[in-house]
Amino acid sequence: TLDQPLIDLSLAPAIRRGKLISESARLQYLNAIRQTLFAVTTAFYDVLEQERIVAVDLEAVKLAEENLTIADKRAKAGAVTRTDVLRATASLEENRRSLIVSQSTLDLKRNILANILNLRGNRDFILVEPASATGADPAFNTLLDTAYAHREDLRATELVIQQQIERRQEIKGQYGPKLGAQISASSSAASQDRDSNEWQAGFSVRMPFMTGGQRKLDLKGADYDIQQARLAFEQERKAVQEEVMNAWVEVRTLRETIVALQAQVTAAEQSYKDLQTQYSAGTAKS
């Protein structure tokens, strides 16, 4: 007996929903790749920043040693009291402590980057300073439109809405009419010389009439899932907008901060040189 379905109204929505699920899975995979790139980038710049901090601490220790030497010479000459020597010693030890802390932090951050890159414990890598960003920053609306078009997590969330819509169509099809064909064959020995073969074929139509309200409940549940999917998409869209806004504002702030800090560093370097010269000449104290 062969029973072959001919028409099932739930089949087409199920196929479309399966394709949407496959596309959503592909987007989630691409988003996982993007998140991995973000993690590598963050760890890379963390190590690069910490290397700069260690270099600054090394320079601070070097300068503190020079200050201690000058203070000790002037104290022996009677130009200053031993208090200056003690202050210079305390400053040197404090800078050495900061150097130890920054070097330990650097080891930890290099270990994190090595683990992300799966270098199997090899932390003896050298990072190359990347090129500085050039050009003006794009407008916020341009960046936001780019994020809406290319963010895989947002597109995957949007596909969930279509999946739920197709799921509702699938439920409707399950309660619709179904057409099937049946073919049966039988064989029996009518006599010793010949056999008897019988064939039967027919069509059947199945239509659920009394579902006890289950069809209405299933459709209500599908409508609720569609609403939840749309709400999740709107929330994800707002989250993307906030991320882009925060990043855009932070980049603008950091650009101006760098300019201000460069001016402060230049002034501090000149002030330090002037003060060191005055101290060596005996015109400044401590």
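Can you give the net charge of the other residues whose Cβ lies under 14 Å from the Cβ of residue 249, counting K and R as +1 and D and E as -1?
-3
Could you work out which residue, out of 201, 232, 114, moves most in a Gaussian network model of the chain, that is, has the largest mean-square fluctuation with Cα springs under 10 Å?
Greatest mean-square fluctuation among the candidates belongs to 201.
Could you please report the charge total around residue 5, scoring K, R as +1 and D, E as -1 over all other residues with beta-carbon less than 14 angstrom from its beta-carbon?
Residues near residue 5 contribute 0 overall.
As an exercise, take the mean of 1/r over every pair of distinct alpha carbons in the chain, invert it, and state the Kirkwood radius in angstroms.
It is 27.6 Å.
Could you state the orientation-averaged shadow area of the convex hull built on the Cα atoms of the range 31-96, in nm² to one decimal?
If you wrap the Cα atoms of the range 31-96 in a convex hull and average its projections, you get 4.8 nm².
Have a look at the range 120-213 and give its Rg and Dmax from the Cα atoms, expressed in angstrom.
33.3, 98
Roughly how many Å² is the accessible area per residue of the range 52-150, as a whole number, for a 1.4 Å probe?
About 68 Å² of surface per residue is accessible.
To the nearest 10 Å², what's residue 56's accessible area with a 1.4 Å probe?
Per-residue accessible area (residue 56): approximately 90 Å².
Residue 39 to residue 242: extension gain in nm, 0.36 nm per residue of separation minus the Cα-Cα distance?
Length gained, residue 39 through residue 242: 71.1 nm.
Measure off, as a whole percent, the carbon and sulfur share of the 1.4 Å-probe accessible area of the chain, all protein chains present.
Carbon and sulfur together cover 56 percent of it.
Using the basic label-point model (7 angstrom from Cα toward the beta carbon), what is the residue 9 to residue 149 distance in nanometres?
Here the modelled spin labels are 4.0 nm apart.
The values are calculated or read from the model by the stated rules, or taken from the named source; none is laboratory data. Just so it is clear, the structure is predicted and the values come from calculations on it, not from any experiment. Cβ sites come from the backbone with ideal geometry, for glycine too, and all protein chains shown count toward neighbours. Surface accessibility is based on the protein's heavy atoms, side chains included, excluding ligands, DNA and RNA. Shrake-Rupley method; radii C 1.70, N 1.55, O 1.52, S 1.80 Å.
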